[in-house]
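Coordinate-derived values only; no laboratory data. All of these numbers come straight from a predicted model, not from anything done at the bench. All Cβ positions, even for glycine, are placed from backbone atoms using ideal geometry, and neighbour counts span all protein chains on display.
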Amino acid sequence: MSGNQTRPSTISSFEGQFAFNGLTDGDYSIVASKDGYESNTVTVTMTLGGAPPVTVSLRRKAAKKAVSEGDSVSVHELKVPDKARASYDKGRELLDKGKTAESIPDFQQAVAEFPLYFEAYMQLGIANYHLNKLPDAEEALQKAVELSAGRSLKPLCLLADLDNNQRKYPQAEKLARQAIAVDESSWNAHFELARALVGFQKGAEAETSALRAKELAPDQASVYLVLASAHQLQQNLSAAVQDFDAYLKLEPSGPLSEAVRQRRDRLQKAIGSSAPNQPDAPPAATPR
């Protein structure tokens with residue numbers, strides 16, 4: 001992102017949601033990029049009243065005509081029938097516009113046309129997740145993992161998130177470790193593993209995973225919440241306070257900020273006390 005002052009880059013959530021904090025008034029250019037898509041730039045003006053939500057649409061790059069035998073993802077994409085792809089693209093467009101319920105029939109049509117379409121199952125899972133239809137979301141995401149032979153990162157992380165939110169820590173840990181095996185550089189995979197380990201009360205191991213997530217994505221505020229929980233498990237209250245400070249610097253007025261600020265103040269008062277202090281429940285991921 002660039003404008004009156006250059007801002008650091010940020011990583012969107014799996015559904016493409018992103019935010020920049022601490023901006024001053026002025027004009028900014030947001031440059032969005034993703035592998036397999038053409039980059040796009042939009043301009044937004046910040047005023048005292050803030051800025052409206054911004055949607056950045058990316059166009060899929062044309063598929064390469066020559067595909068190597070080892071390029072299984074490209075081969076899979078080329079096998080998708082045109083009707084199935086059209087339904088999928090329509091569903092994605094609706095989902096990106098916030099028309100979640102309306103997108104579901106299109107994803108269902110896409111998998112009916114092409115039962116091996118794991119990307120459509122994944123988006124179907126995301127849509128049901130947004131609608132709080134958790135059993136349907138879990139079923140679709142598990143299908144996506146099955147069809148991709150466990151080699152697709154996104155459904156693994158989303159399932160781990162679902163399991164962590166429901167305190168199903170054994171399943172979440174297994175999925176997160178599988179996601180790390182697929183892509184060790186995924187901050188989200190390490191983040192979900194840290195959440196599961198906090199659920200197991202394994203503070204030192206959770207700290208290691210949370211620090212790796214922080215290294216990969218230092219601008220992801222939610223990383224500092226799970227890191228704070230790991231530090232609390234180890235009775236390192238000063239470090240936990242610093243974690244909360246880092247979160248509040250990134251999210252000074254977010255939906256969780258006031259609760260985090262209160263937790264931070266309670267810990268600050270508890271420093272120096274010999275009374276045991278247990279962390280709150282492992283933090284949920286940023287709402288998708």
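Pairs meeting the criteria (first residue in the range 92-104 and farther than 19 Å from Asp136 by Cα, second residue part of a loop (DSSP other than H, G, I, E, B) and of a type in the set (Ser, Thr, Tyr), beta carbons under 8 Å, at least 6 apart or on different chains) are Asp96/Thr55; Asp96/Ser57; Lys97/Thr55.
Of all residues in the range 174-197, those satisfying the criterion of being charged (D, E, K, R), surrounded by fewer than 24 Cβ atoms within 10 Å (Cβ to Cβ) and in a helix (DSSP H, G or I) are Lys174, Arg177. Could you please let me know if Glu251 is crowded, with 16+ Cβ neighbours inside 10 Å, of a type outside the set (S, T, N, Q) and out of contact with any strand residue (DSSP E or B) (no Cβ under 8 Å at 6 or more places or on another chain)? In short, yes.
Restricting Gln123, Gln201, Gln109 to those that are outside any helix (DSSP H, G or I) and without any contact (Cβ under 8 Å) to a residue 40 or more places away in the chain reduces the list to Gln201. Taken over the range 206-215, the criterion of being out of contact with any Ser or Thr (no Cβ under 8 Å at 6 or more places or on another chain) and crowded, with 18+ Cβ neighbours inside 10 Å is satisfied by Glu207, Ser209, Ala210, Arg212, Ala213, Lys214.
Of all the residues in the range 169-204, those that are farther than 18 Å from Leu227 by Cβ and not hydroxyl-bearing (Ser, Thr, Tyr) number 11. Run Phe200 past the list (1) crowded, with 18+ Cβ neighbours inside 10 Å; (2) in contact with a Phe, Trp or Tyr (Cβ under 7 Å, 6 or more places away or on another chain); (3) not basic (Lys, Arg) and report the number of the one that doesn't hold. Evaluating Phe200 over (1) crowded, with 18+ Cβ neighbours inside 10 Å; (2) in contact with a Phe, Trp or Tyr (Cβ under 7 Å, 6 or more places away or on another chain); (3) not basic (Lys, Arg) leaves (1) as the failure. Confirm whether Ala240 is in a helix (DSSP H, G or I), touching a Leu at 6+ places or on another chain (Cβ under 9 Å) and more than 21 Å from Leu158 (Cβ to Cβ). Considered against the rule, which asks whether it is in a helix (DSSP H, G or I), touching a Leu at 6+ places or on another chain (Cβ under 9 Å) and more than 21 Å from Leu158 (Cβ to Cβ), Ala240 comes out as yes. Residues in the range 96-121 that are hydrophobic (A, V, I, L, M, F, W, C) and surrounded by fewer than 23 Cβ atoms within 10 Å (Cβ to Cβ): Ala101, Ile104, Ala112, Phe114, Leu116. Can you confirm whether Asp219 is within 16 Å of the chain's Cα centre (by Cα) and either assigned to a helix (DSSP H, G or I) or among the β-branched types (Val, Ile, Thr) (or both)? So Asp219 does not fit the description; no.
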